[in-house]
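Visitor: Below you'll find the structure I mean.
No lab work stands behind these numbers, since they all come straight from the coordinates. Only a predicted model underlies this, so the values are computations on that prediction, with no experimental measurement involved. Cβ sites come from the backbone with ideal geometry, for glycine too, and all protein chains shown count toward neighbours.
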Amino acid sequence: MATDTHTARRPVLAVLPRITGLLNRAVTIALLALLVFWLAVNLVQGPGQFGSVLLIGFTNGALYALIALGYTLVYGIIELINFAHGDVFMWGTMITVSIAGTRLGLDGSQSGIVTFLGVLAAMLGAMVFCGILNPTIERVALRRLRNAPRLAPLITTLGISYILSNAAQFFYGPNYTGVGAILPSNILFLDWPAKSLIVILATIPLLLALTYVVRRTRQGKAMRAVAQDMDAARMMGVDVDRTISFTFALAGILAGAGGTLYVLEITTTRYDLGQIGLLAFTAAVLGGIGNLTGATLGALIIGLIQAFNEGLSWHAPGEQWTTSIVFSILILILVFRPQGLLGQPEADRA
Amino acid sequence: MIDKLPIPRWARRAIIPIIIVPLVVLYPEYYTSLGTSQLIPTLSTAVTMTVFVCMAVGLNMVVGYAGLLDLGYVAFYAIGSYVAGWFASTQFASHSIVFGAVGVQSNAIGIHISIWLLLPVAAAMAAAAGVVIGLPTLRLRGDYLALVTLGFGEIIPQVVRNGDNMFGTGFNLTNGVAGITPIDPMGFRYLHGVLPFLPDNFLLTPNLDVWFYRVGLLLVAITVFCSIRLRDSRLGRAWVALREDEIAAAAMGVPLMQVKTWAYASGAFFGGAAGCFYGVYQGGAIPDNFKLYISTLLLAMVILGGMGNVWGVCLGAAVLSYLNQQGLGAIGNTINSNFGTNIEITKYEAGLFGLLIVLMMLFRPQGLIPSSRRKAEFDVVKEEHEAAGVVVG
């Protein structure tokens, strides 16, 4: 009798994973179809609006990519979610406001070449500042915890995040600070917002430069080696501490550049802007954390989702739901595809 | 020195509780004689402290015992407060249900249920939410788990903030940013007839904070008792095994899924009860109270006190909630009036807590009063690394 039930139940259990797998796929396809339908109706109802929303989405995506790459670089090398990264980005925006707005007084009335050089100076300033700030955090607070229980550095970065945002509140006050519209709103005869185009165009060389550093340089090779196996890399003569510092510096530089572009696009910033880091982190997870292409792709998707949600008029939930939507995506991704869109499944990562 | 005295072990263990418990319980009777310094916690601060102690002890079950980092504990606080808001106010005006509530007419509009009944209801609903949060995270470990809880901690406050028009149907679930207010008061409606010294309605007593403080202490006592009993139970030992090594625990027959879900549910249970009580005390459920900052603050309390140690967590929660509620401002004012400076110390609160977290993690990761087991673990880790020639910070 007992063996009977045993043999009878076995096939049922064996079929179960296949059924749930099919169900998962069906639900995913249904959701995607719904999304496409919703976008199509919006496109038909207002093609002009759809176009501008698309551009905003790409701009947001480009900004998020610069932040998300910082998360993914750091996670790739020491498997740490750096909660302070969003606040490093926020400091990038603050430094930009200080240089471009307060010191140089750019407000869009200057000639093209002056504006260009001024923005470049502000960007370099922000990149240098964040490129120093981020490795300093690593050196002061995280290096000592390299052998500590895994949650210790995570909680530490959470504390640093509060310190950084509070310091910004101290230096820049609790209210929004910003610059005038530095960039012209129209370019040539196009009715497109020029600043959005400039943000996208400025992001591309940064991403190419990052790819070059990681793929082609000696230091990039060391980074990849440490990411793969820290101990083996150390035995092969890689200076692990220096490589980790370098990675944090790269992440900081990208965040600084992102800060400048954010100020150009949005024109205002505040001490609590670091929360945007959570969106960027979601993007990094969506693309597959540790994967540079994935982070960029995920950032574009999150940027587009945010823009569609906030900009479209036919049955869009609206701005007040953005956080919920993005975090729901994060949870769904973590539960159903923890390796992300482009990541490799890894046994101990999830 | 005390070790040398010929005192039996049980008596030595009892010394500290015998001193502290009466000091805490009798606080409303003597605090006025402590002087008028603004550093002395007011009764209102004391009530808040009891609430945060409850929540921190609840969070400690998840973080300290089971080792699952929860960055969204504020969600349970919110759920508890909104249960009080839904079932003890005029929020659902199309109904008229009055059951054991104090301070309302028997034909009042809205649902009015006795707060005493709502406390367990709120706890149960928060526990159910804990299971909902726990279920999808079962496959995850470590930092990814922290992210999912963080996500829920962000989603639930946003839902209550936008819940005045659910899905465009016009159904007002949470009354939006204004929150649900006022919530019915507490009181011993039926017991008052039998034991007249128990007040009918706290709001009508000369100093309502005294009774809220007593109820808060009762909640703390229940929470601490349950926490200790759970820690020593089969489930609690399974949590510790899970925290130490998930794979080894599973190999030893610990059902990971069940044990993790129970950790979330029990942690949330006390968060919900505390949230309900605090909502009643504040007289409303206001969305602005439910921020990520509260989750971090609670985590800081657990870390400061010592993860896994109930008494340490109580101390950490009492200290930090005192500083948060009254202490920092009072210290700032005292410094300013004595040295003629003009520092607004409360402005740096977030930064100071961040600094505290970082310093604790760097220099005393086991907390002020570490649990003996944790302390032993940290020592072992240190020895292992020293043996391997690694310098540990």
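Visitor: Once each part is reduced to its C-alpha centroid, what is the distance from segment B:205-238 to segment A:308-342 in angstrom?
Guide: 39 Å
Visitor: Next up: Send over the Kirkwood Rh of chain B, from the inverse of the averaged 1/r over different Cα pairs, rounded to one decimal Å.
Guide: 22.5 Å
Visitor: Pick from A:PHE336, A:PHE50, A:PHE83: which residue has the top mean-square fluctuation in a GNM of chain A where Cα pairs under 10 Å get a spring?
Guide: With Cα springs under 10 Å in chain A, the top fluctuation among A:PHE336, A:PHE50, A:PHE83 is at A:PHE336.
Visitor: Calculate how steeply helix A:194-216 sits against the longest principal axis of the alpha-carbon atoms of chain A, using the helix alpha-carbon long axis, and give the answer as 0 to 90 degrees to the nearest 10.
Guide: In chain A, helix A:194-216 runs at an angle near 60 degrees to the longest axis.
Visitor: Taking every residue in A:162-169, how many Cβ atoms of other protein chains lie within 10 Å of its Cβ, on average?
Guide: Average per residue, whole number: 6.
Visitor: Using +1 at the Cβ of each Lys and Arg and -1 at the Cβ of each Asp and Glu in the protein assembly as shown, identify which of B:SER295, A:VAL74, A:GLY258 lies farthest towards the dipole's positive end.
Guide: So the residue furthest toward the plus end is A:VAL74.
Visitor: Anyone know which of B:GLY130, B:GLY35, B:GLY176 comes out most mobile in the 10 Å Cα GNM of chain B?
Guide: Residue with maximal mean-square fluctuation among B:GLY130, B:GLY35, B:GLY176: B:GLY35.
Visitor: So, one more: Rounding to the nearest 20 debye, state how big the charge dipole of the protein assembly as shown is about its Cα centre with +1 on each Lys and Arg Cβ and -1 on each Asp and Glu Cβ.
Guide: It comes to approximately 1440 debye.
Visitor: Nearest 10 degrees is fine. How inclined is helix A:112-137 to the longest principal axis of chain A, computing both from alpha carbons?
Guide: Between the helix axis and the principal axis of chain A, the angle is about 50 degrees.
Visitor: In peptide A:326-339, how many Cβ atoms from other protein chains are near each Cβ within 10 Å, on average?
Guide: What the average comes to for A:326-339 is 4.
Visitor: Output the peptides A:253-264, B:319-330, A:22-33 sorted from most to least packed, where packing is the average of other Cβ atoms within 10 Å over each peptide's residues.
Guide: Packing proxy ranking, top to bottom: A:253-264, B:319-330, A:22-33.
Visitor: Could you work out how far the C-alpha centroid of segment B:97-119 sits from that of segment A:105-167, in angstrom?
Guide: Their Cα centres are 53 Å away from one another.
Visitor: Another one. In a GNM of chain A with a 10 Å cut-off on Cα contacts, which of A:ILE19, A:ILE266, A:ILE163 has the highest mean-square fluctuation?
Guide: Looking only at A:ILE19, A:ILE266, A:ILE163, the biggest GNM fluctuation is shown by A:ILE19.
Visitor: Taking 0.36 nm per residue of separation and subtracting the Cα-Cα distance, what length does fully extending A:ASN147 through A:ARG216 add?
Guide: Difference between extended and current length: 21.8 nm.
Visitor: What order, most packed first, do the peptides B:247-257, B:11-21, B:261-271, B:74-84 have when packing is the mean number of other Cβ atoms within 10 Å of each residue?
Guide: In descending order of packing, they fall as B:74-84, B:261-271, B:247-257, B:11-21.
Visitor: With runs of 4+ DSSP H residues as the only contributors, calculate the mean residue ellipticity of chain B at 222 nm using -39,500 (n - 2.57) per run, divided by the residue total and rounded to the nearest 500.
Guide: Roughly -19500 deg cm²/dmol at 222 nm, from the helical runs in chain B.
Visitor: Once you have a ≥ b ≥ c as the square roots of the Cα gyration tensor eigenvalues for the protein assembly as shown, tell me rounded if a/c is under 1.5, and otherwise prolate or oblate according to whether a/b is larger than b/c.
Guide: rounded
Visitor: Sorting check: for B:308-316, B:347-355, A:309-317, which peptide has the highest mean count of neighbouring beta carbons within 10 Å, and how do the rest follow?
Guide: Going from most to least packed, we get B:308-316, B:347-355, A:309-317.
Visitor: Please work out whether segment A:10-159 counts as rounded, prolate or oblate from its C-alpha gyration tensor, where a ≥ b ≥ c are the square roots of the eigenvalues and a/c under 1.5 means rounded, while otherwise a/b larger than b/c means prolate and anything else oblate?
Guide: Verdict is oblate for segment A:10-159.
Visitor: Please compute, for peptide A:139-146, the average count of beta-carbon atoms on other protein chains lying within 10 Å of each residue's beta-carbon.
Guide: Taking all residues of A:139-146 together, the mean is 3.
Visitor: Counting only helical runs of four or more DSSP H residues, what would the 222 nm mean residue ellipticity of chain A come to if each run contributes -39,500 (n - 2.57) and the total is spread over all its residues?
Guide: -24500 deg cm²/dmol
Visitor: What would the Debye equation give as log₁₀ I(q)/I(0) for chain A at q = 0.11 Å⁻¹, counting only Cα atoms as equal point scatterers?
Guide: -0.78
Visitor: If you fit an axis through the alpha-carbon atoms of helix B:142-162 and take the longest principal axis of the Cα set of chain B, what angle between them do you get, 0 to 90°, nearest 10?
Guide: Tilt of helix B:142-162: around 10 degrees.
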